[in-house]
Structure formats: C-alpha cells, structure tokens
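**Student:** Can you read through this structure? Questions will come right after.
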Amino acid sequence: MSNHHDTGYKELFSYPELVRQLIEGFAPPEVAAMMDFATLTDHSGSYITPLFGEKFEDKVWSVEVKWDGTTQRVFVYLLLEFQSTVDHRLPIRMLHYVACFYDHLIKTHVTTARKGMPPIFPVVLYNGSKRWTAREDIYRMIRPEPPGFMRVYQPHLRYYLVNESAFSEEELAERDTPLSGIFEVEKASKDVDALQTAVKRLAERIRAHPEKARLDEVITRWLKRHLRRLGTEAEKALEQVNSLVEDNAMLAENLQNWAEKERQKGEVIGLQKGEQIGLQKGQRLAAINLFKLGLLDDEQIAETTGLSLDEVKALRSDQPH
C-alpha cells in the first residue's frame, strides 16, 4: 500500500456494499454484469514487498463471475492512491504487488503454480487534485517500443483507473449511491456551501440504502476524518454527530454555523487586504508628489511615506522624465 494511504478509505472498502458500488458505478459495465456480488469475499492482508521495502495493505476481494457457461472466482485488487503528485512508478508497483499477491496465494495453498493463477481485475482509485498522467499499462513505459518480434516478450499489466476528479457533478449525481456521494463531498471540500449541499445529499443516499445502518456508521466515521483535514472548526462541526441519518438536524445546523464562521473569516481577510492595498496606494501617491517637489532624496521619502528604499527607487524609475 502507498505510504499516503488513507485509513478512512481503507475502512470504507472493507464493506462489500461500497465495493459493489465502485464496480457497478465506475468500472466498465461488462465487468459488473458478469459478477455475482453476493459472493464477494474479503482477502485483504498485510504483505512486505521486497522490491519497494514497504508494507502494503491494499483491499483485495474475490467474487464469482460467469463466462462461457462456467463459474470462476476473480480477484479484485484495489489500490488506493492518496497522493498530491502522480506516482509514475505505479505500473511497476502494480506489477510487483500482483506478483506478490500471486506468490501469497501459492504460499497459503489457495492454488499452485501447476494449477495456475486466478484472473485479477486491478483497480486504482485516485483522489488527488493533479491530473493523472502515469501510464496505465507497464508495457507503455518501455521506450523506445521494441520491434514486432520482441513485443511478445515484454511485460503487460494494465490497471483500471477510477479518477474521482474526472467525474462531473452531473455524472456523480446520475450514479446516486452513497459512494458517489462520498466522491461529491471530496470534490466540494474547498467550498463550504457546496460541501453543505454534498453532505446533505450523502445523508439522503445513505437513508435510502437497504444497508443504511452499516453504511451510516462507517461513512460517518469517514466524514469526521475527512473534515479533520479542513481544520479545527470543521472538525468541531461534527464532534457530536454520531449518525449522518439520525443526527441530520444537528449536522445541518453545525455545518451552517461552520460555513458562517468561514464566510466571516473570509470577509475579515478581504477587508484587511483591502485596507492594506489602500494604504500602499496612498503611500505611493505621496511618494510621487514628493518626487515632483524635488526637495527630498529617496531615503527621506522612504522615511516620510513608510515605503522601503527599494520601493521608492523602483517607483522613481517608473516615473516619466
């Protein structure tokens, strides 16, 4: 697992309901169509990878799928990425993680090298703000591309990218699930008014879900962790909220109070900036008038107006001669 892993997200995807919402709402439809989500089984664990020297705790689920009249178990390998910058090593990491997981299946006697390895559907869930630019198949990292007869010998492993920031508000609203509501909250976090609206919609989606009690508990915990990143006042807004569904009135009131404090803070900062700009404008105008009188040197003008000597010299050089 990436060192930037978010424990709140790890807990979210410990619930089969949210894994199902991820696959049904954000993966290719043909993938979801062949899965029997009632058979979802959690296989997550901790492994030490010799290549990267780190412990990774990715979420790994298996699910029964049907194709060509046969039933087989497929492993969904979910890599959670929470980095402000894109990791261009990710195709190498993913290849290594999958190889380590296959090795784990052999060591735990789930299968043998002779029997063969089960299919894996590798998914990368990325919630960073930067545009995703890493290659999505390790083969695309091989440069220059080898001639035709060599290509068959190159490594191939493609992962499926779910990039939260790539989805519009309309696209997330169409999915209308608690998970899409979580994505909306993350996208809205820089705007307190939009965040209020997103949290309200999230609570409504949880309330409408058949497993609302389970989801309410885990998503409330996630939201508290999430708001903690936005500062002390945001964290206090949810301090006494234990359920997004049951404490809806308290939640709405607390978020409204927080939003009002943020607006007031913004107005004060804006006023202070305005006052500062007005003061600087007056200082420059006074210096220009003193230039015209020609009675004071630059040091005296700086002392009189409160501008720095460098500012006075720069301002003089800008004056028409």
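No value in this document is a laboratory result; all are computed from the given coordinates. In this text the structure is predicted, and so the values were computed from the model without any measurement. Methodologically, a virtual Cβ is constructed for each residue, glycine included, from the backbone with ideal geometry; neighbour enumeration extends over all protein chains shown.
**Student:** What aspartates and glutamates could a cross-link reach from K10, if we take a straight Cα to Cα line under 15 Å and drop same-chain neighbours fewer than 8 places away?
**Tutor:** Those aspartates and glutamates meeting the cut-off are D42, E57, D58, E81, E217.
**Student:** Pairs K66/K107; K130/K200; K200/K224; K59/K200: which are spaced more than 24 Å apart, C-alpha to C-alpha?
**Tutor:** Details: K66/K107 27 Å; K130/K200 27 Å; K200/K224 14 Å; K59/K200 28 Å.
From the list (K66/K107; K130/K200; K200/K224; K59/K200), the Cα-Cα distance tops 24 Å for K66/K107; K130/K200; K59/K200.
**Student:** Here's a follow-up. Quick one: length gained pulling A286 to D191 fully straight, 0.36 nm per residue minus the C-alpha distance? Don't jump to the answer; show the numbers that get you there.
**Tutor:** Working: separation 95, 0.36 × 95 = 34.20 nm, distance 3.99 nm.
Fully extending the segment from A286 to D191 adds 30.2 nm.
**Student:** Treat each spin label as a single point 7 Å out from the Cα along the C-beta direction, and report the E170 to S129 distance in nm.
**Tutor:** Spacing of the two 7 Å Cα→Cβ label points: 2.5 nm.
**Student:** Further question: In whole Å and largest first, what semi-axes does the C-alpha gyration tensor of segment 61-137 yield when each eigenvalue is scaled by 5 and square-rooted?
**Tutor:** Semi-axis lengths for segment 61-137 are 28, 15, 10 Å.
**Student:** Summing Lys, Arg as +1 and Asp, Glu as -1, what charge do residues with Cβ under 10 Å from the Cβ of F37 carry, F37 excluded?
**Tutor:** Details: positive: R20; negative: E17, E24, D36, E64.
Net of charged neighbours comes to -3.
**Student:** Run the simple label-point estimate for T85 and I106 please: 7 Å along Cα→C-beta, distance reported in nm.
**Tutor:** About 3.6 nm, to one decimal.
**Student:** Quote to one decimal, in nm, the extra length available between K115 and E253 on full extension: 0.36 nm per residue of separation minus the C-alpha distance between them. Provide the component values of the computation, followed by the final result.
**Tutor:** Details: separation 138, 0.36 × 138 = 49.68 nm, distance 5.92 nm.
So the chain would gain 43.8 nm between K115 and E253.
**Student:** Under 14 Å Cα to Cα from K115, which aspartates and glutamates show up? Leave out anything in the same chain fewer than 8 places away.
**Tutor:** Partners within reach: D103.
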